[in-house]
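Single-structure report; data block below.
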Amino acid sequence: MKDQAYHPMTDIDGTRNGMPDETNLHTLLEASDNGCAIVDHHYCYVWVNAAYECLHGAAANDLPGRHVAEVVGEEAFQTFYRDRLDRCLAGEPQGYRTQRHSPTLGWREIEVRYHPLQGTGRPGTQVGVVIADITERRSLEHEVHKFMQITHLNPAPIAITDTQGQIEYVNPAFERRSGYRRDELVGDALTRLSTGNPPETVNREIWESVEAGNTWVGELENRPKNGDPYREHTLIAPLENDDQTIINYVAIKQDTAALRATQESLASSVLEDPLTGLSTRNGFSEALRRWLDDNGWPDNGVVLMVDIVSLRDINDAYGYEGGDRLLVEFSRRLLEVAGESSLAGRIGGDECAVYVELARDTSTEAQLAHLIERLSRPFALDGVAIDVAIRMGCSHLDRTPRSAETLLREAERALFRHRAESALPWIAYSESLEAETQARIGLTRELRSALQNDEFEVHFQPKVDMATGEVVSAEALLRWNHPTRGLISPGVFIPIAEQSQLIAPIGDWALRRACQHLRAWRKAGLDLVRVAVNASLVQFRSGHFPERVRAILDESGIEPCQLSLEITESVFAKESALLLEQLRVLREMNVRLSLDDFGTGYSSLLYLQHYPFDEIKIDQGFVSQVTQDSFSVNLVEAVRRLARALDAEIIAEGIETADVRDALLAMGIQFGQGFYYSVPLEAEDFRWLLERGRQLPLVESSGSANWKNE
Ligand code: C2E
Ligand code: MG
Ligand code: MG
């Protein structure tokens, strides 16, 4: 590159006629923004200007006479500069770009030129160095490049024209939409694509607008290279330079048809579920509002919120395709029961809503029972008839008019309540249910802060060898010491904790606290074999429960065999591979597993053998009846045989009287737990009991134990 700046350098000793004299040249070079220097064949600076000194952070007149290596560093000099200087001294100009750190200006991007100076008449004796600071220019280039890329990648067609409307640039989206290549368009008028429709007046309007510096927005009709005309939403705006002179125009387009299609599909997806074609929640609420407006207030109407309980199982067993087929079939059934109104909606993944007007001469109960029966008829999938289990919350319209949204919310509240109390076929919304729901919501909120506020306690109930009355282990039972309501039973707050996902941290806390107590007792030489802690099925859902248990055992320093985990039988209503796997891992760790409340769930004796239980706890409902009811006697007998076959121990829970204990002993049951022996005790009281080493019950009476009442 022939750089004008170098010529004066070559003429520095004034050999060329007609050029400025040396003093003027000097003044010019000193004033230059470019750093200039002369280096001799010993690689020493002969002369530098102020810009050069500034770039190197050198003081005025500091550089002349110094070696280049002193300024750039010995290693850089040897590996980079020396070679270039040598070549230049041999007559070959050099140029390179690099970055340099200036003590005053920070990192700068520079362009350096070396030019051979023939000052003394002998070529190659000096090097003229010119350094241009290109930092700003480069950053501007980067900016331009970035915006060019954005324009290039933009899915909207974009064209840039000169001030005459001749195309200078089109992006790939423009090429795709118009069907023309860029080189076919550049230099042509942008109006070339116009179909001439809208007429000339619109063209004039556009020009008037943009020439006045304004943006024009409107619809234009264009014709692609091959194909039918299309309408485009177009924005045309002037581009100005620093002094507000218009230098270009930009046109940004959007296909109106595509835009409309997107808007329409968005609008319909808000109102219609694509899988079932039923309304979405918004769509259902809107349609119900219209129906109620058009039909007065039919006080025999009900809004039902239906939960398809089986959907998750079907998804698990048959994949989402199976689940989708169930949903499609179920929506058909919903529309059938909706009848004339056709008001049915899919509210969430497995939740649907339907509006039904009931007959006035038959009871609501009977009609809803029939409706449930119609909705839950078996459904054929891959040749297998699958039962469809549902839950339902119901809101009656009755006489008080409410909004469609309120009806939906009421039905949702009722369904929510149903989930907690699943024995009923359906639940109707009522004011008391609302109060209960509110109380539940309040309790959930308070439960969230109960851990931080240290409001939980663990109480211990002895498990006793009934033949000797000796305490062999203890069950840890959680208590919530509520600041205003007093002690709250786990029967109340555990289900809330399970629903709100709080059970994991609360369960961890109970486990950790129970283990800590056991360790303290054993350290004090108290002879307690193990502690039992209740675990909820929800704690197994993450699939990592055994790891949590291991971490807590490690942390509290007790052996896995000193821990027993009690898991309620009802959770085994359906077999779960995830649960089974985790139970096996726990068992391999040597943690003892206990099946709690046996007799209340639906365990088939057959599948029990797949689960690795060490202990079966007979539920207190049967235990309390063994002196009166032959069914309970038979059940206890059957469990005893089953336990023997599974090589598991049996423990009877809820023993309240000596008679029951005697009956159980007579039936060969060795271990027991219940108020007869002791109510659950605070940790300190339980420790006191262990220290005494006394047999239970402490005071025997013919009725229930009277040692201590909670
Ligand atoms: P569970 O594991 O079956 O515990 C036995 C329940 O029966 C305890 O109720 C205990 O106080 C009570 N009980 C003991 N002996 C007798 C008796 O002779 N007669 C009668 N009528 N009841 C007796 P509690 O403490 O109210 O616990 C209720 C349930 O809450 C427990 O049933 C257990 O399922 C759950 N639970 C307690 N603590 C925890 C915990 O830390 N985690 C989890 N997930 N659940 C817990
Ligand atoms: Mg238990
Ligand atoms: Mg139990």
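The values are calculated or read from the model by the stated rules, or taken from the named source; none is laboratory data. Bear in mind the structure is a predicted one, so any value in this text is a computation, not a measurement. Cβ: placed from backbone, ideal geometry, glycine included. Neighbour counts: every protein chain shown. When the accessible area is computed, the model is the full protein with side chains, heavy atoms only, and any ligands, DNA or RNA have been set aside. Shrake-Rupley method; radii C 1.70, N 1.55, O 1.52, S 1.80 Å.
Could you grab the pairs with beta carbons closer than 9 Å, sequence gap of 6+ or different chains, first residue in the range 517-532 and over 16 Å from Val591 (Cα atoms) and within 16 Å of ligand 1 (Cβ to nearest atom), second one basic (Lys, Arg) and open to solvent by 70 Å² or more (accessible area, probe 1.4 Å)?
What qualifies is His517/Arg687.
So, Leu447, is that one more than 30 Å from Asp527 (Cβ to Cβ), outside the structural domain of Asp294 (by TED's automatic domain parsing) and not hydroxyl-bearing (Ser, Thr, Tyr) or not?
yes
Are there any pairs, at least 6 apart or on different chains, whose C-beta atoms fall under 9 Å, with the first in the range 424-446 and more than 24 Å from Ala366 (Cβ to Cβ) and the second open to solvent by 60 Å² or more (accessible area, probe 1.4 Å) and assigned to a helix (DSSP H, G or I), and if so, which?
Final answer for the pair search is Glu434/Arg413; Thr437/Arg413; Thr437/Phe416; Arg440/Phe416; Arg440/Gln499; Leu443/Val492; Thr444/Gln499.
Scan (1) outside any strand (DSSP E or B); (2) buried (at least 19 other Cβ atoms within 10 Å of the Cβ); (3) in the same structural domain as Asn49 (by TED's automatic domain parsing) for the single condition Phe174 breaks and write down its number.
That leaves (3) as the condition not met.
Output the number of residues of the range 90-104 satisfying the condition of being modelled with pLDDT of 90 or more, open to solvent by less than 40 Å² (accessible area, probe 1.4 Å) and either outside any strand (DSSP E or B) or among the hydroxyl-bearing types (Ser, Thr, Tyr) (or both).
Counting residues in the range 90-104 that are modelled with pLDDT of 90 or more, open to solvent by less than 40 Å² (accessible area, probe 1.4 Å) and either outside any strand (DSSP E or B) or among the hydroxyl-bearing types (Ser, Thr, Tyr) (or both) gives 1.
Restricting to the range 209-222, give me the number of residues that are open to solvent by 50 Å² or more (accessible area, probe 1.4 Å) and under 19 Å from Gln166 (Cβ atoms).
Adding up the residues that qualify gives 1.
Between a residue in the range 26-46 that is at positive phi and any residue that is modelled with pLDDT of 90 or more and assigned to a strand (DSSP E or B), which pairs come within a Cβ distance under 8 Å, given they are 6 or more apart or on different chains?
Tyr43/His67
Return the pairs, sorted by first residue and then second, in which the second residue is among the polar types (S, T, N, Q), the first residue lies in the range 373-395 and is over 21 Å from Tyr429 (Cβ atoms), the beta carbons are less than 6 Å apart, and the residues are 6+ apart or on different chains.
Val388/Ser310; Val388/Ser376; Ala389/Ser310
Of the residues that sit in the range 613-647 and are surrounded by fewer than 19 Cβ atoms within 10 Å (Cβ to Cβ) and within 17 Å of Asp465 (Cα to Cα), which one is nearest to ligand 2 (Cβ to nearest atom)?
Ranking the candidates gives Asp614 first.
Select, from Glu200, Glu168, Glu219, Glu143, the only residue that is free of Cβ contacts under 8 Å to residues at least 40 places away in the same chain and more than 45 Å from the chain's Cα centre (by Cα).
Glu200
Val464 versus (1) open to solvent by less than 20 Å² (accessible area, probe 1.4 Å); (2) within 44 Å of the chain's Cα centre (by Cα); (3) modelled with pLDDT of 95 or more: which is the lone unmet condition?
(2)
Tally the residues that are open to solvent by 60 Å² or more (accessible area, probe 1.4 Å) and in contact with a Phe, Trp or Tyr (Cβ under 9 Å, 6 or more places away or on another chain), restricting the search to the range 193-206.
Counting residues in the range 193-206 that are open to solvent by 60 Å² or more (accessible area, probe 1.4 Å) and in contact with a Phe, Trp or Tyr (Cβ under 9 Å, 6 or more places away or on another chain) gives 1.
Exactly one of these conditions fails for Ile441: (1) open to solvent by 60 Å² or more (accessible area, probe 1.4 Å); (2) β-branched (Val, Ile, Thr); (3) under 30 Å from Met667 (Cβ atoms). Give me its number.
Here Ile441 clears every test but (3).
Could you figure out which of (1) within 16 Å of ligand 3 (Cβ to nearest atom); (2) buried (at least 22 other Cβ atoms within 10 Å of the Cβ) isn't true of Leu511?
Looking at each condition in turn, Leu511 falls short on (1).
Here's the yes/no breakdown for (1) part of a loop (DSSP other than H, G, I, E, B); (2) surrounded by fewer than 20 Cβ atoms within 10 Å (Cβ to Cβ):
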residue: Gly319; (1), (2): no, yes
residue: Leu326; (1), (2): no, no
residue: Glu329; (1), (2): no, yes
residue: Gly349; (1), (2): yes, yes
residue: Ser395; (1), (2): no, no
residue: Asp398; (1), (2): yes, yes
residue: Thr406; (1), (2): no, yes
residue: Glu410; (1), (2): no, no
residue: Leu415; (1), (2): no, no
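For Ile503, which of the numbered conditions (1) over 30 Å from Asp659 (Cα atoms); (2) away from ligand 2 (no atom under 16 Å from the Cβ) fails to hold?
(2)
Of everything in the range 361-375, what is open to solvent by 70 Å² or more (accessible area, probe 1.4 Å) and part of a helix (DSSP H, G or I)? Give them in sequence order.
Residues satisfying the conditions are Glu365, His370, Glu373.
Quick one: His544 ticks every box in (1) of a type outside the set (Val, Ile, Thr); (2) more than 9 Å from ligand 1 (Cβ to nearest atom); (3) crowded, with 19+ Cβ neighbours inside 10 Å bar one, so which box is it?
Of everything listed in (1) of a type outside the set (Val, Ile, Thr); (2) more than 9 Å from ligand 1 (Cβ to nearest atom); (3) crowded, with 19+ Cβ neighbours inside 10 Å, His544 misses just condition (3).
Which numbered condition in (1) surrounded by fewer than 16 Cβ atoms within 10 Å (Cβ to Cβ); (2) in a strand (DSSP E or B) is the only one that Asp86 fails?
Of (1) surrounded by fewer than 16 Cβ atoms within 10 Å (Cβ to Cβ); (2) in a strand (DSSP E or B), only one is false for Asp86: (2).
Here is a list: Val250, Val337, Val306, Val270. Which entry is buried (at least 16 other Cβ atoms within 10 Å of the Cβ), closer than 30 Å to Asn154 by Cβ and of a type in the set (A, V, I, L, M)?
Val250
Of a type outside the set (Gly, Ala, Ser) and more than 28 Å from the chain's Cα centre (by Cα): does that describe Val303?
yes
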